[in-house]
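This report concerns only the one structure given below.
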Amino acid sequence: MTEFEKVDIEKTEELSRLASAIVREHYDPILGTEQNDYMIEKFQSPDAIRDQIRSGYRYYFIVKDGERAGFFGYYPRDGKTYLSKLYVEKSYRGRHLASDSMDFISRQTIEEGMNRIFLNVNRYNYGSIAAYEKLGFRKIAIEDNPIGHGYYMNDYVMEKEI
């Protein structure tokens, strides 16, 4: 059974370590080490995560068989739920943790009176795009968002109605 452990300010160091390891393994081949290091510091550092939690992000560890197998973060934005992050460690992929997580996020979305979840995904992250499509998301836009130091996030915006 998949469980979800809420992340509070006291657990941001642990989340940052897990996030950095997963993101480095997954995105270094897509973005290159230099850009990925910059993005990890900007979005996955303990200070960044604490700031995100203070601004309304809800973070959860994904727990499988007593082990932290990944995490996700989301928050309400524009009358929908914005799924900012959903990462599963490589050894746990293919075990339905993403779909279990989406079920949890969907329930939270409905409880908050919303009926859509949207996200950004790197356009070259083919495996994740396919996974999101399998979970019922569809591409609705293309974005190129500057993030500093001359780097851009080249994304699809995907959305799912629940």
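The values are calculated or read from the model by the stated rules, or taken from the named source; none is laboratory data. The model shown is predicted, which means the values in this text are computed figures rather than measured ones. All Cβ positions, even for glycine, are placed from backbone atoms using ideal geometry, and neighbour counts span all protein chains on display. What goes into the accessible areas is simple: the full protein's heavy atoms, side chains included, and nothing from ligands, DNA or RNA. Shrake-Rupley method; radii C 1.70, N 1.55, O 1.52, S 1.80 Å.
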**Residue list for segment 93-114, filter: at pLDDT 95 or above and within 26 Å of MET153 (Cα to Cα)** = LEU97, ALA98, SER99, SER101, MET102, ILE105, SER106, THR109
**Item:** Criterion: under 24 Å from LYS42 (Cα atoms), of a type in the set (Gly, Ala, Ser) and assigned to a helix (DSSP H, G or I) - qualifying residue of SER106, SER128, SER91, SER101
**Value:** SER128
**Item:** Qualifying position, being without any contact (Cβ under 8 Å) to a residue 60 or more places away in the chain and surrounded by fewer than 20 Cβ atoms within 10 Å (Cβ to Cβ), among ILE117, ILE129
**Value:** ILE129
**Request:** Tell me which residues, restricted to segment 134-162, are open to solvent by 80 Å² or more (accessible area, probe 1.4 Å) and not in a strand (DSSP E or B).
**Result:** LYS134, HIS149
**Asked** Can you name the residue in segment 83-103 that is open to solvent by 30 Å² or more (accessible area, probe 1.4 Å) and touching a residue at least 40 places away in the same chain (Cβ under 8 Å) and is also nearest to the chain's Cα centre (by Cα) among such residues?
**Response** TYR87
